[in-house]
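Okay, so here's the structure we're looking at.
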Amino acid sequence: MSKPSNEGFFWLLFSAGGVVAAVFIPVLLFLFGVAFPLGWLPQPSYEHLLTLARSPLARIFLFVVCSLPLFHWAHRFRFTLYDGLQVKHLNEAIFVLCYGGALVGTLLSGYLLLKI
Amino acid sequence: MSVQPSTEFHPRWYRAPVSTYWWMGSWRYSLFILRELTSVAVAWSVVVTLLLLRSLLKGPDAYAHFTHRMQAPWMLALNIIAFCFLLLHTITWFNLAPRAMPVRVGGKRVPEFLVAAPNYVLWVVASAAIAWFVLRKS
């Protein structure tokens, strides 16, 4: 390699986010996106979810579940666009868009979880 | 990739042009692209989680609005498709682990399914724990 790059760091975020996304995210989307709307399981009450989300452990958990998978997405989607569309001249714009999006989502989740 | 010399006297290497739709050529390539696209479902799930958290912050009316919005047919369809992609991500991710880190016991390589198995156990236990916390009556 001719110059040092940050790829290793981004790959680490990708990898950690991939694990978190694989283990924790399916059940969340299944419950809130499929099972509750279809009435397969009873929708939890507002008070119950608020109490749950306010506990320190849940805040940390939800922050990890929101932030790392977004960086997983940023890395993987970046390469999907590079390889799938082969738009070399747009690579820098794609980079900024992907990691910028992940950063905005992370900050937003941090804000929501602090205020909740 | 090494730097390819390209001067007046040394022509550029020929590189066959690749079609934008190269990944539609075979099932293997299509599966690769499908797997890569799972990241979109992951990002979408985070967006749903953020919408839920925002509704919890705003109050009971916002939460009722959120649950109502989740029942819209297009939203439901989107979430079912996204869930299928999430399963594809989980399965391909877990099955990759034994290849990235081959485990050897006594000089012999442990079969891949035995290395991947603990991942699935962890997945089931974590999912059950989360579901229990969300569903239990306080």
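The values are calculated or read from the model by the stated rules, or taken from the named source; none is laboratory data. Here the structure is a predicted model, which means the values were calculated and not measured. For neighbour counting, all protein chains shown are included, and Cβ atoms are generated from backbone atoms with ideal geometry for every residue, glycine included. Just the protein is used for accessible areas: all its heavy atoms, side chains included, with ligands, DNA and RNA removed. Shrake-Rupley method; radii C 1.70, N 1.55, O 1.52, S 1.80 Å.
Tell me the relative contact order for the stretch B:19-96 as a rounded percent, counting alpha carbon contacts under 8 Å between residues six or more apart.
After rounding, I find 37 percent.
Evaluate the relative contact order of chain B (contact order divided by residue number), counting alpha-carbon pairs under 8 angstrom at least 6 apart; express in whole percent.
Here the relative contact order equals 17 percent.
Report, to one decimal in Å, the Kirkwood hydrodynamic radius for the stretch A:53-99 based on all distinct Cα pairs.
12.1
I'm checking a number: the convex hull volume of the Cα atoms of the stretch A:12-115, normalised per residue, in Å³. What is it?
Convex hull of Cα atoms, per residue: 119 Å³.
Using the alpha-carbon atoms, what tilt in degrees (0 to 90, nearest 10) does helix A:7-29 show relative to the longest principal axis of chain A?
Between helix and principal axis, roughly 30 degrees.
Give the angle, between 0 and 90 degrees and rounded to the nearest 10, that separates the Cα long axis of helix B:73-100 from the longest principal axis of the Cα atoms of chain B.
The helix B:73-100 is inclined about 50 degrees to chain B.
Only Cα pairs under 8 Å and at least 6 apart count here; give the relative contact order of chain A as a rounded whole percent.
35
Less than 18 Å apart at the alpha-carbon level, and either on another chain or at least 8 residues along: which aspartates and glutamates does that give for B:Lys108?
none
What's the magnitude of the charge dipole for the protein assembly as shown around its Cα centre, counting Lys and Arg as +1 and Asp and Glu as -1 at the beta-carbon? Answer in Debye, nearest 20.
For the protein assembly as shown, the charge dipole is close to 340 debye.
Rounded to the nearest percent, how much of the accessible area of chain B (1.4 Å probe, protein heavy atoms only) is carbon and sulfur?
It is 69 percent, rounded to a whole number.
Dividing the convex hull volume of the alpha carbon atoms of the protein assembly as shown by its residue count, what do you get in Å³ per residue?
189
Once you average over the residues of B:47-55, how many Cβ atoms of partner chains fall within 10 Å of each Cβ?
Mean partner-chain Cβ count within 10 Å for B:47-55: 6.
What is the interface area between chains B and A, defined as buried accessible area summed over both chains with a 1.4 Å probe, reported in Å² to the nearest 100?
Between B and A, the summed buried area is about 4700 Å².
Taking every alpha carbon pair in the stretch B:19-96, what does the distance histogram look like in 10 angstrom bins from 0, in percent?
P(r) over the stretch B:19-96, rounded to whole percents: 17, 35, 28, 14, 6, 0.
Kindly report the accessible area of chain A per residue (heavy atoms of protein chains, probe 1.4 Å, no ligands, DNA or RNA), in Å².
52
Summing -39500 (n - 2.57) over the DSSP H runs of n ≥ 4 in the protein assembly as shown and dividing by its residue number, what mean residue ellipticity at 222 nm do you reach, to the nearest 500 deg cm²/dmol?
-25000 deg cm²/dmol
Tilt of helix B:27-58 relative to the longest C-alpha principal axis of chain B, in degrees (0 to 90, nearest 10)?
Once rounded, the angle reads 30 degrees.
With charges only on Cβ, +1 for K and R and -1 for D and E, what is the dipole size of chain B about its Cα centre, in debye, rounded to 20?
Dipole size: approximately 320 debye.
Could you tell me the extents of chain B's C-alpha atoms along the three principal axes, largest first, rounded to whole Å?
Each principal axis gives a Cα extent; for chain B these are 76, 50, 27 Å.
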